[in-house]
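Okay, so here's the structure we're looking at.
The values are calculated or read from the model by the stated rules, or taken from the named source; none is laboratory data. Values in this document were obtained by computation on a predicted structure and should not be read as measured data. We place every Cβ from the backbone using ideal geometry, glycine too, and count neighbours over all the protein chains shown. All accessible areas refer to the heavy atoms of the entire protein, side chains included, with ligands and DNA or RNA removed. Shrake-Rupley method; radii C 1.70, N 1.55, O 1.52, S 1.80 Å.
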Amino acid sequence: MSKQQYIGFLSMKSVYNRLKNGTKEVPKSVIFREEAARNNNLIPCYFLFSHLSGSQDHITALVNENGVYQEKRIPVPRVIYNLEWTSPIREKIIKRLTQKGIKVFNEINILRKYKFQKILEANPEFHRYLPETKIGNLKNLKEMMQKYTQLILKPDNGIIGKGILKLQKVNKKDWCLSYKAREGKRRYWKEITFQDTIPEMLQQTLENNVYLIQNLLPLATYQGSPFDFRVSTQKNGSGNWEVSAIIGKVAREGTFLTNIEQGASAYTLDELMKEYPHLNADQLRKQITSLAIKIANLYSKHVPHPADLGFDIAITPQGDLYYIECNFISAYSGFTIKNGVLLHEEWKAVFTNPIDYARYLLDNETNSKNK
């Protein structure tokens, strides 16, 4: 039996407070991770970035004792799973921890999409999987409008579908810009039709923010709504990359955004492929898995200690695959759990695989010391 040790979870404040206060039901994701921790002879503990200096030997953390989460002083865990957004200041804290020999996986998870697009573009093997992507400015926008009839504009560091714009040519002269506007607390889709003059709203968006412009891919649809896949690609108990789950995200009726936070629904690959009998679901799963692992191995050369990546991969009705973007904190609970129930048993691995990897890191450290 492996020696019992702590596994640290760098948690979001909302999760930490929920466990500490004990006023709400424990999230299913926490239950799954703790079950995996017990199976690996690990003790889960939870703390915030504000608890860390990076130089201390002990930390105040929440520990589950007899079903009650209590704060206690413990040694800083030798392995930490980062589930919180990073920043330059937080990255310095993590660096101090790693300099002391502490393993923190998912060190950095705020990313610029264009940086990783360029990494893939530099490798000819991936060219067939990439939509054309340019930095958002008026010159590039006009060039892309000459080449394509549908475009997506998205923030370079955007998350959960916020700030995305759609540009579509509706006839020989007119274009339609769609974006989310706000009226009080209500958010709704607003449209601007124009011809030659780019709308002021769009010009200001490109001038004041870093945006990307991509040709809008002809996504496959399910019951009339477009979908893509979130491909959970994680390190496992052997220290290797593995695709833990492929989760289909179907846009809400009448919309084009496949983000769960924007109202999309989750389905298995097999369910979605029923509308495409000319495509072999098992073969498609193998192709997606192969692509995701190749990208994960490439990103490992450019990012410090990634171990939990969520790739968005699109598919056309003909079965062509396209890389959309990479997520370093994937909202697995939103994808896989509804009303406290896991939608599909096969998706449980997204919560348990990283814990197996933590055990691997600890065992590997012990073996190295014993040599």
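Considering only protein heavy atoms and a 1.4 Å probe, what is the carbon-and-sulfur percentage of the accessible area of segment 252-308?
Details: 1340 of 2860 Å².
Carbon and sulfur: 47 percent of the exposed surface of segment 252-308.
Where in segment 88-129 does the label zone of Gln287 land, with the point 7 angstrom along Cα→C-beta and an amide N cut-off under 18 Å? From segment 88-129, the list is 125-129. Counting Cα-Cα pairs of segment 252-350 in 10 Å increments starting at 0 gives whole-percent bin shares of 12, 41, 39, 8, 0.
Based on protein heavy atoms only, the chain ends up with 49 Å² per residue of surface accessible to a 1.4 Å probe. Projecting the Cα atoms of Ile119, His278, Ile293 onto the charge dipole of the chain (Cβ charges, centred on the Cα centre) puts Ile119 farthest toward the positive pole. Each Lys and Arg adds +1 at its Cβ and each Asp and Glu adds -1 at its Cβ; summed about the Cα centre, the chain shows a dipole of about 900 debye. Okay, which of segment 218-243 sit inside 20 Å, backbone N to the point 7 Å along the Cα-Cβ direction of Lys294? Only 229-235, 240-243 fall inside the zone, counting backbone N under 20 Å. Loop-located trypsin sites (Lys or Arg not before Pro) in segment 125-199 (DSSP state not H, G, I, E or B) with no more than 14 neighbouring Cβ atoms inside 10 Å: Lys162, Lys172, Lys173, Lys185. Of the GluC sites (Glu not before Pro) found in segment 170-273, the ones in coil according to DSSP and having at most 10 other Cβ atoms within 10 Å of their Cβ are Glu253.
Distances between placed amide hydrogens fall under 5 Å for Ile43 paired with Gln5, Tyr6, Ile7, all partners being 5 or more residues away or on another chain. Listed by chain and number, the aspartates and glutamates whose C-alpha is less than 20 Å from the C-alpha of Lys103, apart from same-chain residues fewer than 8 away, are Glu34, Asp57, Glu84, Glu91, Glu242, Asp308, Asp356, Asp363, Glu365. Please state the shape class of segment 1-104: rounded when a/c is under 1.5, otherwise prolate if a/b exceeds b/c and oblate if not, all from the C-alpha gyration tensor. The shape class here is oblate.
For the chain, the Cα gyration tensor yields ellipsoid semi-axes of 39, 23, 21 Å (square root of five times each eigenvalue, largest first, whole Å). Cα gyration tensor of segment 200-287, axes a ≥ b ≥ c as square roots of the eigenvalues: rounded (a/c below 1.5), prolate (a/b > b/c) or oblate? Taking the square roots of the gyration eigenvalues as a ≥ b ≥ c, segment 200-287 is oblate. Remark: relative contact order (the chain) = 17 percent; criterion is Cα-Cα distance under 8 angstrom and separation of 6 or more residues.
Taking all Cα pairs closer than 8 Å and separated by 6 or more residues, the relative contact order of segment 92-246 comes to 20 percent.
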